[in-house]
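The values are calculated or read from the model by the stated rules, or taken from the named source; none is laboratory data. Just so you know, these numbers come straight off a predicted model, no measurement behind them. Please note: Cβ atoms are built from the backbone with ideal geometry, for glycine as well, and neighbour counts cover all protein chains shown. When the accessible area is computed, the model is the full protein with side chains, heavy atoms only, and any ligands, DNA or RNA have been set aside. Shrake-Rupley method; radii C 1.70, N 1.55, O 1.52, S 1.80 Å.
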Amino acid sequence: MVQKNKQIDKLRELGEKVIKDIDRNKNPSITIPIRALSNVIFNEKTKTIELGNKNALRYFFNVAHSKKFLQTVEIASILKKELLETDKHEHLRGVFYIAKRTIHGTNVNIVDEQTESDKVIEDLEVITGLSREQLHVSANKMGSMVGNIVLIDSGDSIDCSKLGKGGYSVPSITDELVFKKINAKYVLYMEKAAVFERLNEDKFWIKNNCILVTSQGQTTRGIRIWGIHIFCC
Amino acid sequence: MKEEVPIAEKLAKEQREISVSQFFTKNKHLLGFDNPRKALSTTVKELVDNSLDATEEINILPEIIVEIKQLNDTRFIVTVEDNGPGIVKEQIPKIFAKLLYGSKFFKMAQARGQQGLGVSSSVLYGQLTTGKSAVITSKISRNKPAHYYELQIDTKKNEPNVIKDMIIEWDKDHGTKVKIELEGFYQKGKQSVDEYLKQTAIVNPHLNLIYINPEKYKMEFPRVTKELPKKSKEIKPHPYGVELGVLMQMLQDTKATTLQSFLQNDFCRVSAKVAKEICKKAGIYEKSRPKRIAREEVENLLKAIKETRIIAPPTDCLSPIGEELTLKGLKKEINADFYTTVTRPPSVYRGFPFQIETGIAFGGDIPKDEQIKLLRFANKVPLQYQQSACAITKSVINTAWRNYGLSQSRGALPIGPVILLVHIASVWVPFTSESKEAIAHYPEIIKEIKLALQDIGRKLVVYIRKHIKSKEQKEKIDLFEKYIPELAYSLSKLTNHEKDEIESKLKKLLKKELPTLEAENGAKE
């Protein structure tokens, strides 16, 4: 729960800043790091690509910004009130459905297309510096894993060497997985599920002492994050 | 053995002269009498055109009264009365009851009529369909009596047949009144008499027109300017516009005694130097007698003309409507939000000067989601038929209207709340047929029309952008008021501050920010 408070605080911080602007009789604004090629830096030390420190300001009293501003605050409040405080998760689509409603007295919707709410959630990720999963917006669950590894997932201990043909179904949020025991030399990752099934059938992971992971297509955020975690430990 | 008659002799007996009137009896469609409906509107058109030409000739403001009386389902009497100069007694029968008789055919001057066919063909049509005579009353001055004629056309001889010739009282200083009875069909809407008169009123803002339709409803098209259009001047033909047969005829008819003086005097823009150059290029002695030049030599002469640089004909002979008067005309007859007009500088095709004018009415009562309404005019006469065959239509279709704020699919007229007027003024408008319905596709003409349309398109798009954008922006500003409670609600959820408190503060802030927001709008325009 300690962690969750941090996320709630970050979102509230965003709201408090806006309130401060209003109290100072200033045009309320939100500072958003720019996500464009012009604001991308290669970090030599960590050998990763990182966001630079250029920011854009989103104002409420601006004809071009106001709707986006409203969307940002509205969705931030949804994440805080409906998800984090009640400890529930929702998919992008679900957040879109919660946010989609008509503004009173108009025929304008807060969001019309899911792409709008998706964009705002991305904005909130960079504003708070928290990942979407940390904000309780999960991605689709996809992918499987087998191998000599024991995980703790929501209190259940799972031995991935005893899960038959299907293997362990990787959840969309992998931040909270705990590695209890790892007894493998390497991880073999493949996009194609068919290859995974064949290698599992052949018990390739036993002969070569490795962990097999597939994502059934493009790598999901869950598997990427899981990959970072297992690389680090 | 019986001697056989050669077949050629038999055939020779069948060969006979055809009079023009007989020819047109069979080819009514060539003159715009294809069907009863068109016949009615063509008759009105020919009579009104003549009246306008006549009043323009003597520089007075035209007062025209048009009346159509319906006798039964298909029978109508058309009466057109004007305040023109009138017609001298001797000329009346020939003007109204002899085809191809007129003053305008040989004149190189801008006029509505060209061929001397219009009125007499209406008379002929009336005569053919009803057997009734045309009734003409004309008076040339206050001191002279009015002449009353009942006329028919002798279709074999193409000569007038005077049925009645009287002197009557007419309480008018001068003018002409023509009454023709004919088979017709009256309908409102597109291509109707009503529409023709309305369009005529647009391009003739100096005209005062009273129209009584078959339903006995009286419509008035009031005059909006007392300014008379610039009188068109007559010019001599330009050498570039002349063809072999015409040139040969001119050589025969000329009063000049030498070829050089013929070229100098009978054409425009030919100086002594240019005349000598032409003679030299053609290899003909410049002092030759024009009447004695052989056919082959005429061909050389024509070739030499084409090879010689001659300045374009003078263009001050044209009488465009003018940007200001076109604007007045549009405003008078069309209810719209925005009007603009463009008059191009004169240009030349085949040695004939011409000038293009366009006007646009946008918005207002004009339907939004339909193709634009195109009004075509030639020498201030509305063209109502054969829209698709006309060079004007082609030019409009070939203009990229999307650049000018209208939507347009390929090969079609653009879509939008627009009435587009295009007028071509020329000393000789190249029609595709005698009924004067469509303009021939001369590249020079199409190019000029397109330039005019692009000019006016640029004016239109400036308005559209400004108008539509400012409207959108205003709506957005109104939205702020609706956004404020929403933002207050979201913020209170996010921070536990009181919703009402945030809302009232935001409302205050809006008042403060509003001038800046509106200024931003202005800047964006």
- Item | Residue among B:Gln260, B:Gln249 that is modelled with pLDDT under 90 and part of a helix (DSSP H, G or I) | B:Gln249
- Task: Kindly check whether there is at least one residue in segment B:105-114 that is charged (D, E, K, R) and either out of contact with any Asp or Glu (no Cβ under 7 Å at 6 or more places or on another chain) or surrounded by fewer than 17 Cβ atoms within 10 Å (Cβ to Cβ) (or both).
- Result: yes
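Residue check: is B:Ala134 within 22 Å of B:Thr74 (Cβ to Cβ), in the same structural domain as B:Gly184 (by TED's automatic domain parsing) and touching a helix residue (DSSP H, G or I) at 6+ places or on another chain (Cβ under 9 Å)?
So B:Ala134 passes the test.
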- Identify, by number, the condition in (1) outside the structural domain of A:Asn208 (by TED's automatic domain parsing); (2) touching a strand residue (DSSP E or B) at 6+ places or on another chain (Cβ under 8 Å); (3) open to solvent by less than 20 Å² (accessible area, probe 1.4 Å) that A:Ser77 doesn't meet. (2)
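Quick one: which of B:Lys276, B:Lys287 is open to solvent by 80 Å² or more (accessible area, probe 1.4 Å), assigned to a helix (DSSP H, G or I) and without any contact (Cβ under 8 Å) to a residue 60 or more places away in the chain? Spell out the reasoning first.
Numbers: B:Lys287 fails: assigned to a helix (DSSP H, G or I).
Of the residues listed, the single one that is open to solvent by 80 Å² or more (accessible area, probe 1.4 Å), assigned to a helix (DSSP H, G or I) and without any contact (Cβ under 8 Å) to a residue 60 or more places away in the chain is B:Lys276.
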- Message: Restricting to segment A:204-218, name every residue that is open to solvent by 30 Å² or more (accessible area, probe 1.4 Å) and in contact with a Gly (Cβ under 8 Å, 6 or more places away or on another chain).
- Response: A:Gln216
- Task: Could you list all residues from segment B:470-504 that are in contact with a helix residue (DSSP H, G or I) (Cβ under 8 Å, 6 or more places away or on another chain), away from every other protein chain (no Cβ under 11 Å) and open to solvent by 60 Å² or more (accessible area, probe 1.4 Å)?
- Result: B:Lys499, B:Asp500
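Going by the structure shown, is A:Ser66 at pLDDT 90 or above and surrounded by 16 or more Cβ atoms within 10 Å (Cβ to Cβ)?
Answer is no for this residue.
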- Message: Of everything in segment B:23-38, what is under 19 Å from the mean Cα position of the chain (by Cα) and over 15 Å from B:Leu197 (Cα atoms)? Give them in sequence order.
- Response: B:Leu30, B:Leu31, B:Gly32, B:Phe33
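When you look at A:Arg24, is it loosely packed, with under 14 Cβ neighbours inside 10 Å, within 12 Å of chain B (Cβ to nearest Cβ) and charged (D, E, K, R), yes or no?
When the stated conditions are applied, A:Arg24 passes them.
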- Note on the structure: Screening B:Lys45, B:Lys69 for residues that are among the basic types (Lys, Arg) and over 30 Å from B:Leu228 (Cα atoms) leaves only B:Lys69
- Item | Residue among B:Leu510, B:Leu494 that alone is in contact with a Gly (Cβ under 6 Å, 6 or more places away or on another chain), in a helix (DSSP H, G or I), among the hydrophobic types (A, V, I, L, M, F, W, C) and assigned by TED's automatic domain parsing to the domain that holds B:Ala361 | B:Leu494
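For (1) under 21 Å from B:Leu413 (Cβ atoms); (2) of a type in the set (Ser, Thr, Tyr), each residue gets a yes or a no:
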site: B:Asp337; (1), (2): yes, no
site: B:Thr340; (1), (2): yes, yes
site: B:Pro346; (1), (2): no, no
site: B:Tyr349; (1), (2): no, yes
site: B:Glu357; (1), (2): yes, no
site: B:Gly364; (1), (2): yes, no
site: B:Pro367; (1), (2): yes, no
site: B:Glu370; (1), (2): yes, no
- Please specify each residue of segment A:132-151 satisfying the condition of being polar (S, T, N, Q) and open to solvent by 30 Å² or more (accessible area, probe 1.4 Å). A:Gln134, A:Asn140, A:Asn148
- Note on the structure: From the option list B:Lys447, B:Lys459, B:Lys469, single residue qualifying as in a helix (DSSP H, G or I) and under 21 Å from the mean Cα position of the chain (by Cα) is B:Lys447
- Task: With the condition kept exactly as written, say whether any residue in segment B:346-355 is surrounded by 17 or more Cβ atoms within 10 Å (Cβ to Cβ) and outside any strand (DSSP E or B).
- Result: yes
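Every residue, every condition in (1) among the β-branched types (Val, Ile, Thr); (2) without any contact (Cβ under 8 Å) to a residue 12 or more places away in the chain; (3) open to solvent by 60 Å² or more (accessible area, probe 1.4 Å), yes or no:
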position	(1), (2), (3)
A:Lys10	no, no, yes
A:Leu14	no, no, no
A:Ile32	yes, no, no
A:Ser38	no, no, yes
A:Lys47	no, yes, yes
A:Phe60	no, no, no
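In the set B:Ile356, B:Ile321, which member is within 30 Å of B:Leu244 (Cβ to Cβ) and touching a helix residue (DSSP H, G or I) at 6+ places or on another chain (Cβ under 7 Å)?
Checking each option against the conditions leaves just B:Ile356.
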- Message: Among the residues of segment B:426-434, are any more than 14 Å from chain A (Cβ to nearest Cβ), part of a helix (DSSP H, G or I) and in contact with a strand residue (DSSP E or B) (Cβ under 8 Å, 6 or more places away or on another chain)?
- Response: no
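Being open to solvent by 80 Å² or more (accessible area, probe 1.4 Å) and not in a loop (DSSP other than H, G, I, E, B) is the filter here, so list the residues in segment A:222-233 that pass it.
Start the filter on segment A:222-233 by keeping residues that are open to solvent by 80 Å² or more (accessible area, probe 1.4 Å), which leaves A:224, A:228, A:231-233.
Scanning segment A:222-233 gives A:Arg224, A:Ile228, A:Phe231, A:Cys232.
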- Query: Taking segment B:373-398 on its own, how many of its residues are surrounded by fewer than 22 Cβ atoms within 10 Å (Cβ to Cβ) and assigned to a loop (DSSP other than H, G, I, E, B)?
  - Reply: 4
- Hey, among the residues in segment A:101-121 that are surrounded by 14 or more Cβ atoms within 10 Å (Cβ to Cβ) and more than 13 Å from chain B (Cβ to nearest Cβ), which one's nearest to the chain's Cα centre (by Cα)? A:Ile121
- Within segment B:3-22, how many residues are assigned to a helix (DSSP H, G or I) and more than 40 Å from the chain's Cα centre (by Cα)? 8
- Close pairs from segment B:136-154: first free of Cβ contacts under 8 Å to residues at least 24 places away in the same chain, partner hydroxyl-bearing (Ser, Thr, Tyr), Cβ under 6 Å, at least 6 apart: B:Tyr148/B:Thr137; B:Glu150/B:Ser133
- Residue pairs qualifying under the 6 Å Cβ cut-off, at least six apart or on distinct chains, with the first in segment A:64-84 being more than 15 Å from A:Gly15 (Cα to Cα) and the second being of a type in the set (Val, Ile, Thr), are A:Leu84/A:Ile8
- Note on the structure: Within segment A:87-100, restricting to residues that are open to solvent by 30 Å² or more (accessible area, probe 1.4 Å) and away from chain B (no Cβ under 14 Å), the one that is nearest to B:Thr495 (Cα to Cα) is A:Asp87
- strands (runs of 3 or more DSSP E) wholly inside segment B:117-225 that include at least 3 residues being in contact with a strand residue (DSSP E or B) (Cβ under 8 Å, 6 or more places away or on another chain) and open to solvent by 30 Å² or more (accessible area, probe 1.4 Å): B:146-154, B:159-168, B:175-183, B:208-212, B:218-221
